[in-house]
Amino acid sequence: MIKRIAFLALFFLLNYSYSQTISGKVLFKDNGVDFPIEGANIFWLNTNQGTITKAAGEFNIQKIRDVKSLVISYIGFKTDTIDIDDKKFITHYLTFSDDNELDEVTVSKKRNTIQRTYLMPQNVVKISEEELLKAACCNLSESFETNPSVDVNHNDAITGTKQIEMLGLKSPYILITEENIPMVRGASQTYGLGFTPGTWIESIQVTKGMGSVTNGYESIVGQINTEIKKPYSDMPFFFNLFNSIDGRVEANAHLKSTISDKIQTTSFIHYNNREKANDKNGDKFLDKPIQDQLNLLSKWQYTDAANGIVSFLNIRYLDDNKKVGSIDFNEKSDLSRLWGGEIFTNRFDSSFKLGYVNPKIPYQSLGFQLAYNFHDQESYYGLNDYNISQKSLFINLIYNSIISNTKNKIKAGLNFSSDSYDEFVFKSNIERTDRSFGGFFEYSFDNLNDFNLVFGLRYDNHNNLGSFFTPRLHFRYLLNDNFSIKGSAGTGRKIANIFAENQVIFLSNRKNLNKTFTEKLYGVNPEKATNLGFSLDHKVFLLGGQGNIIFDYYNTTFDNRVIIDFETPGEFNFYNSKLGKSKSNSFQAEFLFSKNNWNITAAYKKYDVKSYYNSGLKEKPLQPRNILFFNYGIESNKINDKNWKFDITYNRLGKQRLVRNPRDNFELVDPHFSINSQITRVFSSKFEVYLGGENINNFKQEDPIIMANNPFDPMFDASIVHGPIFGSTYYMGLRFKILN
Amino acid sequence: MKKLLFILLFIPTIVFSQEPKNKSAKADFEVKGLCDMCKTRIEKSTYTVKGLKYSNWDIPTNRLTVIYNNQKTSLDDIKKVIADAGHDNDKFTATDEAYNNLHFCCKYRDDKD
């Protein structure tokens, strides 16, 4: 009963705020003809509550108590103040200003930094550059900490690497692309997210559930696509410096040159290092690696709008070095008495893209992508040597057109990819080449009203997976203007790169029980999974702001899931799950709300991820059963381009299952939380300074490394990490820009 | 008889010579309207015409660009359905009934009621 009353009250509140909106139109008359004014400022007298008119001069504004006068202004026109009594709709004509002195009033429209796509059938969240600035750090793996679409977990107690997850599954099950070309995959799976500096990123699109068939058959739980800043629209110069109390120093410089009207190029330079040895917990092991990274990208853009041609060329080089392990460890010869390791990564990327849109027939276009990259990692973790190199070639051709009219769009294309791997693991050489050739077709229907649908099918011929179809379906239905339902279904496949994806294996003295690991595909069958999901999104208007209430549910069911089994102390094994199908269920409830210059995001996520181990059906270890997330951001009004920005994030991880180990005599880890916050002072459109803290509440997992005092004991293990090991850390940085 | 045959033979040529056969004929003309709702309404109305492939109405310029198969439909057919939906264009004027059915924010005609 109480619930029902609360529900009704909520509804009344919503309706009440609905009725308290007034809308209207701002126009001007020229020779008797009405012209709508787009971008006129509308605000309540003596307040900073306002809005701007849209394309047809229309606006909506929430009433505020005791203020009855609305100010309407636009450059070149007289500013008018009009009285609103009980009017619901007003049409107002502005008149030209007589004096030449323009009273400049600038109210810049604030767009949400996380945008959900309401109109697309896919469940996509777009993270803008502004959102990325909320956490000053530093690379792609750290870009998801201020929003709940992706979970960030600690990988291990040695390498400082962060692991991302979606729908309760790790990053190998996510298709991670850079400008729609597969990027973090195979050899780069463990460290690759740390190889894209944050300042290079223009935006990130996170697709939950099945992705499009045009991007391949690999995505299983989602897709993360990163767009790098484009030379055409980039600013001439950007510089960023960052320093953290853990000793991390980062510098980024972007330099754009305009070669001609049609050709622009940007050079991106990134360097970071940490020379400081941190050991806050006194276990004589480095909490974070000693590291340095040089990362260079040269990006070229050719645009010929009149002929519908746009083309990109990217060349990139990366050199990354990490030293891990004991604080006294120096070089490989110390291994007789100390545990340590080094990871040297070199990478070369090149890609070429060409897009053509028929200028006469805008719905016909052709896209071509060609990418080649080379990745080489040489490393040792204690007495475990691990080397991997990968050469990849990727070619994609897409044609876009329509069937009968633009309500029915089609995409068709061909795709070739080849990956050659060369690994050295447990003193054995393993070589493998994957080659696949495929064709895809995607049909989109939009009734221009309340329903759209995308159906895709691809057929691939793969030397190791055989020939197979991959179907995918997305739909969206609008129940009313404010309520949409989306659904998706499809399959994905993947060859498990057992060692490249699970380098934590080497951070312990676990004995490998799998004797067939040198055989074809490491002696396991490739994984296949079906993903189903739906989401409900309800827009709400309350307290003078706008929000969304979103529920989503996804289920992933595996055939042949490859299980990495750490269940027995001192041993590890991997195999296809034989006893049954492994499943992952995830549920998320999210509330987004923004009003004027502040916004909040609150989310609750519940995971049920279970796999059939040889020892039976078990929950996935180190997977929080639920996660609570809260973010609040506020920005002060801009005065002469100066303002303050502040945001705070609370993240609480629920209980996690631990594998049996000699350190912990319990099966479930207690929940813990962390608080991150950042404040930015914008001094001008060119210069800003930021200061922030991570894990301000200073939570630390005790004894993250098992047998740290005896790293040559068979029980030594740094892989069982369920929380932060470093405690709080603080950083500051600056950004300097030269604008056009 | 010979004459009749001659005429019959020429009929198709006469028909086709009026407009060259073009599966993707493009045209651009004025359609009166104001807002996003108008845009949706105008474009949606055109899609009811068989042979229409692409339709895009630009709010600031009030111009509609269409691509259509001129063997299946004519520009007049397209302009007619737009007027039926309530939007005046360079060829047809909407009936008062159709115009009055428009949402109040879409009333583009000058006369104030």
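Nothing in this text is a laboratory measurement; each read-out follows from the coordinates by a stated rule. These numbers come from a predicted model, not from an experiment. Don't worry about glycine lacking a Cβ; one is built from the backbone with ideal geometry, like all the others, and counts go over all protein chains shown.
Listing for the model above:
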quantity	calculated
Average other protein chain Cβ within 10 Å of Cβ, residues A:438-448	1
Bins of 10 Å, starting at 0 and running to the largest distance - Cα pair percent for the range A:504-649	10, 25, 24, 17, 14, 8, 2
Alpha carbon convex hull of the range A:650-719, projected area averaged over orientations, nm²	7.4
Values of log10 I(q)/I(0), in the order q = 0.06, 0.07 Å⁻¹, for the protein assembly as shown under a Debye, Cα-only, solvent-free model	-0.47, -0.64
The range A:158-196 versus the range A:571-631: alpha-carbon centroid distance in Å	17
Charged-residue dipole, Cβ positions (Lys, Arg, Asp, Glu), the range A:674-740 about Cα centre, Debye nearest 20	700
Inter-chain Cβ neighbour average for residues A:402-410, partner chain, 10 Å	4
For peptides B:96-104, A:145-153, sequence by mean Cβ density within 10 Å, most packed first	A:145-153, B:96-104
Charged-residue dipole, Cβ positions (Lys, Arg, Asp, Glu), the range B:21-106 about Cα centre, Debye nearest 20	540
Calculated SAXS-style log₁₀ I(q)/I(0) at q = 0.20, 0.24 Å⁻¹ - the range A:187-234, Debye, Cα scatterers	-0.85, -1.02
Convex hull projection area averaged over all views, the range A:230-330, Cα basis, nm²	7.9
Where N is the number of residues in the range A:699-740, Cα Rg divided by 2.2 N^0.38 Å	2.07
Potential lengthening between A:Ile361 and A:Phe96 on full extension [0.36 nm per residue; Cα-Cα distance subtracted]	91.4 nm
Electrostatic dipole magnitude of chain A [Cβ: Lys, Arg +1; Asp, Glu -1; Cα centre; debye, to 20]	1580
Relative contact order of the range A:510-553, pairs being alpha-carbon contacts under 8 Å that are 6 or more residues apart, as %	27
Length gained when the stretch A:Phe35-A:Phe437 is fully extended (0.36 nm per residue, less Cα-Cα span)	139.2 nm
Efficiency of FRET from Cβ geometry, A:Asn307 and B:Asp36, R₀ 22 Å, rounded to 0.05	0.10
Length-normalised contact order for the range A:609-740 - Cα pairs under 8 Å, 6+ apart - percent	20
Under the Debye formula (equal points on every Cα, no solvent term), log10 I(q)/I(0) of the range A:309-429 at q = 0.13, 0.15, 0.17 Å⁻¹	-0.70, -0.80, -0.91
Positive-end residue, the range A:521-597 charge dipole about Cα centroid, Cβ charges, pick of A:Gly533, A:Asn596, A:Phe566	A:Asn596
Three principal axis lengths of the range B:21-106 [C-alpha, angstrom, descending]	41, 24, 19
Relative contact order %, chain A, counting alpha carbon pairs below 8 Å whose residues are six or more apart	10
The range A:161-216 - convex hull of alpha carbons, volume per residue in Å³	92
Peptide B:31-41, shielding by other chains (average Cβ, 10 Å cutoff)	3
Burial ranking of peptide ranges A:230-236, A:160-166 (average Cβ count within 10 Å, highest at the top)	A:160-166, A:230-236
Across A:Lys638/A:Lys737; A:Lys170/A:Lys583; A:Lys162/A:Lys645, pairs whose alpha-carbon gap is larger than 23 Å	A:Lys162/A:Lys645
Viscosity 1.306 mPa s, temperature 10 °C, Stokes-Einstein D of the range A:228-738 from Kirkwood C-alpha radius, µm²/s	59
